[in-house]
Amino acid sequence: MSNADVRAVMRIESLSFSTSWPTSAFQSELNDNKLAHYFVGRDGQGPDAELVAYGGIWVILDDAHITTIAVHPDRRGLRYGEQLLVHMLHESISRSASWITLEARESNEVAHNLYRKYGFATISTRRAYYSDNGENAVVMWAGNLRGELYARRLATLEIELDAALSSEVR
């Protein structure tokens, strides 16, 4: 993600979350936070490719934290979120993270299923975490990211993802 992407990111942010991050938060993450790494997903190649997803991680020592991930509502179900998650997992591993965590709305079963698929387990609940409606957040962790077992799991899931993407027409 670059500063030039923030306007498109904010459009997806406002469509995805009832309480969205302000523009200044993304700019601060990109320009000031040395632990932050943000990425975008585009539909297609080249300068005219539409930005359809974004996500970010913080990597602190050997822990990574997924701070946000969103896909444009019109593009959900097309595996952009999964591709972005895989990219963030690889980035976390390449930056020496052994563990990765995130919070997700308790009601977001689609997200929970995706995270479980990639080895995340629910560890705890944060009561009334979301300020817009007081919904709980589930805290999920995946560990031993740099181990052989996780590497095999990730490789297998990527093969399945690539096969699914090859068979789908966008």
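The values are calculated or read from the model by the stated rules, or taken from the named source; none is laboratory data. What you see is a predicted model, and the numbers here were worked out from it, not measured in a lab. Don't worry about glycine lacking a Cβ; one is built from the backbone with ideal geometry, like all the others, and counts go over all protein chains shown.
Do you know which residues across region 42-58 are in contact with a helix residue (DSSP H, G or I) (Cβ under 6 Å, 6 or more places away or on another chain) and among the hydrophobic types (A, V, I, L, M, F, W, C)? Let's see the steps before the verdict.
If we filter region 42-58 for residues that are in contact with a helix residue (DSSP H, G or I) (Cβ under 6 Å, 6 or more places away or on another chain), which is where we start, we get 51-55, 57.
Listed by number, the residues that qualify are Leu51, Val52, Ala53, Ile57.
Can we say Gly56 is touching a residue at least 24 places away in the same chain (Cβ under 8 Å) and within 24 Å of Tyr129 (Cα to Cα)?
So Gly56 passes the test.
What are the residues in region 1-49 that are of a type in the set (Asp, Glu) and free of Cβ contacts under 8 Å to residues at least 24 places away in the same chain, if any?
Asp32, Asp48, listed by residue number.
Could you list all residues from region 64-102 that are of a type in the set (D, E, K, R) and closer than 12 Å to Arg146 by Cα?
Those that are of a type in the set (D, E, K, R) and closer than 12 Å to Arg146 by Cα: Glu91, Arg95.
Please specify each residue of region 91-109 satisfying the condition of being touching a residue at least 24 places away in the same chain (Cβ under 8 Å), of a type outside the set (D, E, K, R) and either more than 21 Å from Arg42 (Cα to Cα) or surrounded by fewer than 19 Cβ atoms within 10 Å (Cβ to Cβ) (or both).
Ile93, Ser96, Ala97, Ser98, Trp99, Ile100, Thr101, Leu102, Ala104, Ser107
Examine region 14-21 for a residue that is modelled with pLDDT under 95, outside any helix (DSSP H, G or I), within 26 Å of Arg126 (Cα to Cα) and of a type outside the set (Ser, Thr, Tyr), and state whether such a residue exists.
There is at least one residue in region 14-21 that is modelled with pLDDT under 95, outside any helix (DSSP H, G or I), within 26 Å of Arg126 (Cα to Cα) and of a type outside the set (Ser, Thr, Tyr).
What is the number of the single condition among (1) part of a helix (DSSP H, G or I); (2) within 19 Å of His65 (Cβ to Cβ) that Tyr38 does not meet?
(1)
Residues being surrounded by 11 or more Cβ atoms within 10 Å (Cβ to Cβ) and assigned to a helix (DSSP H, G or I): count how many of those fall in region 119-159.
Final tally of qualifying residues: 6.
Identify all residues within region 19-46 that are within 21 Å of Gly81 (Cα to Cα) and loosely packed, with under 12 Cβ neighbours inside 10 Å; write none if there are none.
The answer is Thr19, Gly44, Gln45, Gly46.
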